[in-house]
Amino acid sequence: MGDVPTVLRHRPAIARRGDGVVYAVGGSSDFVAQEVLPCVRYLLRLGARTRYALFYERHLLTALEPGDAADVRRLFDVLTAYEDVELPALRGAFKGDVRLRVKSVKAHAFLFAPFERFVYLDFDSRPCRPDFAARLLGDLAKSGVDAVLHDQWTSQRFMPVDKHYRVEHNSAVAAFDATSPRTAAALGWFQGRTRERNSQLQRLISRPFSTRWFVAAFAELRLRRDQPALMVGLRLARERMGFGHVDVDNGTFCRANNSAVVSCDAGCRIVHKPMKYDPGNLVVAVGARGTGNVALRRALAHLKLVNRDPACDGDGAAPETCKVLVGLRWSRAYAAIAAKYPRAKFVLTTSTDPCPDEAAHNARVRAALPAHAVFDLDLAAAREPDWRRFCAFVEAWSSCKTRDLAKTAASWLRARAPTKAC
């Protein structure tokens with residue numbers, strides 16, 4: 001074992017079969033509720049013809065509600081607890097830093113992926129088409145290289161090869177041929193040395209032991225981002241073994257800093273942070289008059305989803321330019337919006353004891369829209385769990401402050417006119 005980096009000793013055997021898609025999740029149950037579960041349900045509806053694997057921290061799945069756990073089991077063919085594959089040298093190393101542990105789970109997912117060829121996706125990278133994995137892996141097979149990677153910066157494509165690998169690649173989308181020894185070197189370990197001594201990173205590389213790759217470099221650098229460690233692995237695999245890759249072009253993986261439009265409607269195969277950047281992901285208030293649509297708008301503003309443009313206020317808003325539509329006009333045009341914008345989300349503000357007119361309106365809305373696209377919100381009865389579910393529904397991944405949302409509802413309740421008898 002003397003030639004194996006200490007951090008990679010005693011690693012479990014890896015049984016790889018076929019093709020598939022790999023995800024990883026670590027950290028808090030809030031992240032699971034707000035980002036993982038919405039993605040799981042989306043993928044189930046998408047019906048992609050592929051196999052899925054999930055690497056996870058054990059406490060995250062044991063805390064799931066039965067229905068949520070059933071959805072996870074329906075989607076993922078392989079479920080691997082991080083604690084079962086965590087390298088002994090790293091065991092307990094990141095307990096004091098959640099962000100480091102989250103990235104460690106991801107690094108282990110790359111190393112122990114159970115497929116011969118696999119696509120890795122972060123949960124905020126949303127596929128647009130059922131054949132997304134087959135096409136990306138098809139691109140990999142046709143290229144004859146070891147991986148399909150996405151440049152972190154647009155200018156990378158113009159760099160000479162040696163400099164290209166000294167810049168980070170984006171790790172939210174990647175595809176690897178895990179049967180290649182060059183890929184094994186990049187993601188696992190390989191024996192080699194170098195004498196460069198010009199920086200902290202170069203000193204790491206130049207130590208007289210078998211070169212550390214992705215997981216080992218991550219353990220050594222201990223940064224709260226995984227891309228620098230991946231850069232080390234890819235660079236060394238290129239220099240020592242001739243590792244090669246082709247680019248995921250900007251029309252395949254669309255994200256805000258490299259694509260004019262981040263949307264499945266623009267022909268993208270995969271979109272990054274779609275709730276934030278995809279103009280087709282509208283939030284539409286469809287409650288009857290007097291049920292709290294104005295308060296809903298304030299709540300969405302707290303979640304940083306409302307456009308600041310005054311033209312997006314009330315009935316004057318237009319779905320072509322505004323992410324949130326609140327007003328009586330939109331509460332009646334829900335069927336047309338759903339037909340034109342299939343990824344739109346509809347929030348139905350309701351009353352605990354609705355009058356007949358409101359009850360009839362609510363019934364029409366529910367009958368006209370897919371169940372997964374409608375969220376019932378009773379502002380008078382909403383509690384913290386309801387607000388958390390609301391945040392998950394609108395996919396407000398980083399700004400769900402339930403106390404602020406509850407204050408907004410309470411303020412509306414105090415100011416609203418007394419309820420009239422039906």
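Here are some notes:
- Residue list for region 347-385, restricted to those being among the charged types (D, E, K, R) and assigned to a loop (DSSP other than H, G, I, E, B): D353, D378, R383
- Residue in region 76-90 that is open to solvent by 10 Å² or more (accessible area, probe 1.4 Å), in a loop (DSSP other than H, G, I, E, B), within 21 Å of I270 (Cβ to Cβ) and in contact with a helix residue (DSSP H, G or I) (Cβ under 7 Å, 6 or more places away or on another chain) present: no
- Test: residue in region 310-325 that is touching an Asp or Glu at 6+ places or on another chain (Cβ under 6 Å) and among the polar types (S, T, N, Q): no
- Residue pairs meeting the criteria (Cβ under 9 Å; at least 6 apart or on separate chains; first within 25 Å of A184 (Cα to Cα) and open to solvent by less than 50 Å² (accessible area, probe 1.4 Å), in region 243-269; second modelled with pLDDT under 90 and charged (D, E, K, R)): F243/R182; F243/R235; G244/R182; G244/R238; H245/R238; V248/D151
- Top-ranked residue of region 157-170 - restricted to ones that are surrounded by 11 or more Cβ atoms within 10 Å (Cβ to Cβ) and free of Cβ contacts under 8 Å to residues at least 24 places away in the same chain, ranked as nearest to L230 (Cα to Cα): H164
- Single condition D309 does not satisfy, out of (1) among the charged types (D, E, K, R); (2) surrounded by 16 or more Cβ atoms within 10 Å (Cβ to Cβ); (3) closer than 20 Å to S399 by Cβ: (2)
- Residue match in region 332-339 (condition: in contact (Cβ under 8 Å) with a residue 40 or more places away in the chain, over 30 Å from M159 (Cβ atoms) and buried (at least 21 other Cβ atoms within 10 Å of the Cβ)): yes
- Yes/no for T352 being open to solvent by less than 50 Å² (accessible area, probe 1.4 Å) and β-branched (V, I, T): no
- Looking only at residues of region 101-114 that are outside any helix (DSSP H, G or I) and open to solvent by 10 Å² or more (accessible area, probe 1.4 Å), we find that the one that is nearest to T50 (Cα to Cα) is P114.
- Qualifying residue in region 137-156 (condition: surrounded by fewer than 20 Cβ atoms within 10 Å (Cβ to Cβ), β-branched (V, I, T) and at pLDDT 90 or above): yes
- Candidate set from region 171-181 (those that are outside any strand (DSSP E or B) and touching a strand residue (DSSP E or B) at 6+ places or on another chain (Cβ under 9 Å)); member that is surrounded by the fewest Cβ atoms within 10 Å (Cβ to Cβ): T179
- Helices (runs of 4 or more DSSP H) wholly inside region 191-299 containing at least 1 residues that are basic (K, R) and modelled with pLDDT of 75 or more: 227-241, 274-277
- Here is the figure for region 37-74: residues that are free of Cβ contacts under 8 Å to residues at least 12 places away in the same chain and either open to solvent by less than 30 Å² (accessible area, probe 1.4 Å) or within 16 Å of the chain's Cα centre (by Cα) (or both) total 1.
- Meets criteria (farther than 18 Å from G292 by Cα, crowded, with 17+ Cβ neighbours inside 10 Å and among the basic types (K, R)) for K323: yes
- Residue count for region 115-130 satisfying the condition of being open to solvent by 20 Å² or more (accessible area, probe 1.4 Å), out of contact with any helix residue (DSSP H, G or I) (no Cβ under 7 Å at 6 or more places or on another chain) and not basic (K, R): 2.
- Test for D378: is it on the phi < 0 side of the Ramachandran plot, of a type in the set (D, E, K, R) and loosely packed, with under 15 Cβ neighbours inside 10 Å: no
- Meets criteria (of a type in the set (A, V, I, L, M, F, W, C) and either open to solvent by 10 Å² or more (accessible area, probe 1.4 Å) or at pLDDT 85 or above (or both)) for F94: no
- When residues of region 381-412 are limited to those that are charged (D, E, K, R) and within 20 Å of L64 (Cα to Cα), the one surrounded by the most Cβ atoms within 10 Å (Cβ to Cβ): E395
The values are calculated or read from the model by the stated rules, or taken from the named source; none is laboratory data. Bear in mind that the values here come from a model prediction, so they are computed numbers and not experimental data. Virtual Cβ from ideal backbone geometry, glycine too; neighbours counted across all protein chains shown. Keep in mind that these areas ignore ligands, DNA and RNA; they rest on the heavy atoms of the full protein, side chains included. Shrake-Rupley method; radii C 1.70, N 1.55, O 1.52, S 1.80 Å.
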